[in-house]
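Student: Below is the structure I would like to discuss, written out as structure tokens.
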Amino acid sequence: MATPTLDRLPDGDWYVLSICKRTARGREWVALLIDVDPESEDWPQGCRKSRECWFNIPGRHKDRDAAWQAMADACETRH
């Protein structure tokens, strides 16, 4: 089963594992989200039960830092 790509943040607690460009030369970024806290003691066992998805970060960003900030802003506005 393919990992879904979403345009809006899913409900519940999700954690950002990584951020990367959608295409090699583009300015569109995606974030890999999981629903298990990677800093918890359950992390290794939680991987087997976790859900994951890709989230299209809104806007166009020239570098990874700008994409991370946009991701943080998207999370803040949701809560």
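Where a number appears in this text, it was derived from the coordinates with a stated rule and is not lab data. Being a predicted model, the structure only gives us computed values, none of them experimental. Heads up, the Cβs are rebuilt from the backbone with ideal geometry, glycines too, and the neighbour counts pull from every protein chain shown.
Student: Among DSSP beta bridges lying fully in the range 5-78, give the percent that are antiparallel, nearest 5.
Tutor: Here the antiparallel bridges make up roughly 85 percent for the range 5-78.
Student: Once you place label points 7 Å from the Cα toward the Cβ at Asp7 and Glu39, how far apart are they in nm?
Tutor: Taking the two extended label points, one gets 3.3 nm.
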